[in-house]
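Take this structure first; my questions come after.
What follows draws every value from the coordinates through simple rules; no lab data is involved. Source: prediction; values computed, not measured. Quick reminder, even Gly has a Cβ in these numbers, built from the backbone with ideal geometry, and neighbours come from all protein chains shown.
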Amino acid sequence: MSSAERHSILLGIEAGGTRTVALAATSDGKVLRRREFGPANLRLVDDSTLRRHFKTIARDMPRPSSLAVGMAGARSDEDRQRIRKAAASAWKGIPCLATNDLETALKAAPALSGVVATVLILSGTGSCCFGQAKDRTAMKVGGWGHILGDKGSGYEIGLRGLKASLYHYDHDGTWPALGARLLRALMLSEPNELITWAQTAGKTDLAALAVVVFDAWLSKDKIASDILEAAANSLARDALACATRLMGPRGKVQFVLAGSVLTQQPEFATLVERLLVEGRRGSLVNVLARDSVWGAVELAKTQLTSATVTPDVRRGPIKLPRDSFAFTSVASLRESPTEMRNPRSMKLDQMSIRDSIKLMLAEDARLPEALLKELSAIERAVEIVSRSLKKGGRLFYVGAGTSGRLGVLDASECPPTFQTPPEMVQGIIAGGQRALWQAVEGAEDDPAAGARAIAFRGIGPKDVVAGIAASGRTPFVWGALAEAKQRRARTILLCFNPFLDVPREFKPTVVIAPNIGPEILTGSTRLKSGTATKLVLNMLTTLSMVRLGKVMGNLMIDVKVSNVKLRDRAARIVCELTGCDYATATSALQATKWRIKDACRRIMTAKNTRRAKSSRRG
């Protein structure tokens, strides 16, 4: 390799239906920059969009000496010409090799001696098998897209998870545990909402559900097991067919597993590997060890010297008569402090900005005193939640509008903060996923919808359902609490109406009802009520997690370490707890895959071993 070649910059780009990865490297393999951009399937973008996409990448990457692009959907010479033409607008005068993302992934695989052909098995959002012999003869099996094919892909796995759940519900009258997991992942309350969701769901939306099916499989779910065994068989059969069509029944073949479904699900990859080895004796099976975009870099290198280029829900949906909840009527709503006018803000429209700010802060300052008067109720709620979670139960927040969004927010913060499974704390909002960012008319007025949300999440005696209703009158919330009570779950109501009169048969286990007074903006419960709700939810989950042993002192010892800031925090926590230096803490964290508890245990074990050796020498 000449000096000029050694210092040349190679740019490899791999574009697919989920994302685009760009990698700049030197010819001797030194990484200069790696960036991720939005998706770009050639079949789904027009020429002007493709040009803009490449120009965005060009602005963020070093100017290359050579370029290779592997793009999903590129099949013909005309397709490759489209890619080269669009690339020329972003990298003028730079030689460009254009191909599909299958060839780039295949090129990233190692070259092994004795192998007559390599067959790539790609399963991510979509799926395909692509083989190439030593004489450059190529063969493709599958890859027809999610409507006509994509067997064994994330899309098919997610779709089959939904279909299987609906099939079992139709035939058995039982909503399966897998279905409950899928509803939770989609923030939907009941199966009927899947119809509306499916009308706008795209390929990647369905593929994202594959992770839910895999999680269920690892928890020994029979439906998920059947789906994934079928998916593995589909991939293996396609790969074996690809090898046979390429080389006949004889010859040593290397199968390379690639794509997120195979690289991020090792148990599934092992299943596919077993089927491949059984189907073609003497074959080698490897998971693609490096990012497939490296294949594009390898192809770019050729341009330097060549211009060519389980809960049981047998009872089904609940239909509660609306008149069961007379205490939630509009007439009774008028009695709630949340609907009254605040005498201190009667002239809000005439006040200066400074005085308005002072008033808002003064109103918020009243909240701690009001919450302290509910100390016993909050304490009991924390005890109930922590006991439930210790026994394997779950906490469900149920609300509408702002209350529902705050419940979803608190639930979503638990996995990264305390490394809890997503099932442990869940949020249910009236109107489902869409209600997170826009109002869904009438969603909060249907108590039966709240009851169905509880039924289809499979809530049982070990669980806790916390209803959040600022006025204390939301029918959706009361429908959920009533159904939860029927299922012998513990129930909590958080509201800001101390005058609420609840019939005995609907009385929750715990009622937290501080009197925070009227809102500054009459009826706008996103203000004081929202702030007070956030404070109480903070207490419920944080103090429950403390009692579960996820906190030491005031340190988060189970935090999920997922970025640079959190790696630094984890190292400082380990230093605090063990007395070691920063370098030792970082080394221990790396050795334990950034699990703080394990890192502390590793360091303390090493310290105790050294003390014991020193004592024996003494």
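Which cysteines in the chain lack any other cysteine whose Cβ sits under 4.7 Å from their own Cβ?
Isolated Cys, the chain: C96, C128, C414, C495, C575, C580, C600.
Between W144 and L409, with labels modelled 7 Å along Cα→Cβ, what's the label distance in nm to one decimal, could you check?
In this crude label model, W144 to L409 measures out at 4.8 nm.
Looking at A435, A466, N554, which one has the Cα that reaches farthest to the positive end of the dipole of the chain (charges on Cβ: Lys, Arg +1; Asp, Glu -1)?
Checked the options; the winner is N554.
May I ask what percent, to the nearest 5, of DSSP beta bridges between residues of segment 109-289 are antiparallel?
55 percent
Same structure again: Out of all DSSP beta bridges with both ends in the chain, state the antiparallel percent to the nearest 5.
40 percent
Okay, next question. Suppose we look only past 20 Å in the calculated P(r) of segment 436-536. What percent of the Cα-Cα pairs does that tail hold?
The calculated P(r) of segment 436-536 puts 40 percent of pairs beyond 20 Å.
If you place +1 on the Cβ of every Lys and Arg and -1 on the Cβ of every Asp and Glu, how big does the dipole about the Cα centre of the chain come out, in debye to the nearest 20?
The calculated dipole for the chain is roughly 2180 debye.
Roughly how big is segment 322-547's charge dipole about its Cα centre, with Cβ charges of +1 (Lys, Arg) and -1 (Asp, Glu), in debye to the nearest 20?
That gives segment 322-547 a dipole magnitude of about 540 debye.
So how far apart, in nm, are the two label points at R250 and R274 if each is 7 Å from Cα heading toward Cβ?
3.1 nm
Next question, about the same structure. Give the Debye-formula value of log10 I(q)/I(0) at each listed q (0.10, 0.13, 0.14 Å⁻¹), with one equal scatterer per alpha carbon of segment 322-547, two decimals each.
Listed by q, the Debye log ratios stand at -0.43, -0.72, -0.83.
Rank these for me by crowding, M351, M545, going from fewest to most other beta carbons within 10 Å.
The fewest-first ordering by Cβ neighbours comes to M351, M545.
Kirkwood-based Rg over Rh for segment 3-101 (C-alpha set), two decimals?
Radius of gyration over Kirkwood radius for segment 3-101 works out to 0.95.
I've got another one for you. By average Cβ neighbour count within 10 Å, what is the ranking of 513-523, 134-144 from highest down?
In descending order of packing, they fall as 513-523, 134-144.
Among W91, W197, W437, W217, which comes first, then next, by fewest other beta-carbon atoms within 10 Å?
W437, W197, W91, W217
Taking just the alpha carbons, could you work out the radius of gyration and Dmax for the chain, both in angstroms?
Over the chain's Cα set, Rg and Dmax evaluate to 29.3, 88 Å.
Could you give me D for segment 109-289, from Stokes-Einstein at 10 °C and 1.306 mPa s, where the hydrodynamic radius is the Kirkwood radius over C-alpha pairs? Units µm² s⁻¹, please.
94 µm²/s
Considering only segment 30-169, what is the antiparallel percent among its DSSP beta bridges, to the nearest 5?
Antiparallel: roughly 75 percent of the beta bridges in segment 30-169.
Now a separate question. Given a Förster distance of 30 angstrom, what is the FRET efficiency for K593 paired with S225, based on the Cβ-Cβ distance and rounded to 0.05?
It comes out at approximately 0.65.
Tell me, Y155, Y169 in order of fewest to most beta-carbon neighbours within 10 Å?
Y169, Y155
Ignoring everything except DSSP H segments at least 4 long, calculate the 222 nm mean residue ellipticity for the chain; use -39,500 (n - 2.57) per segment, divide by total residues, nearest 500.
-14500 deg cm²/dmol
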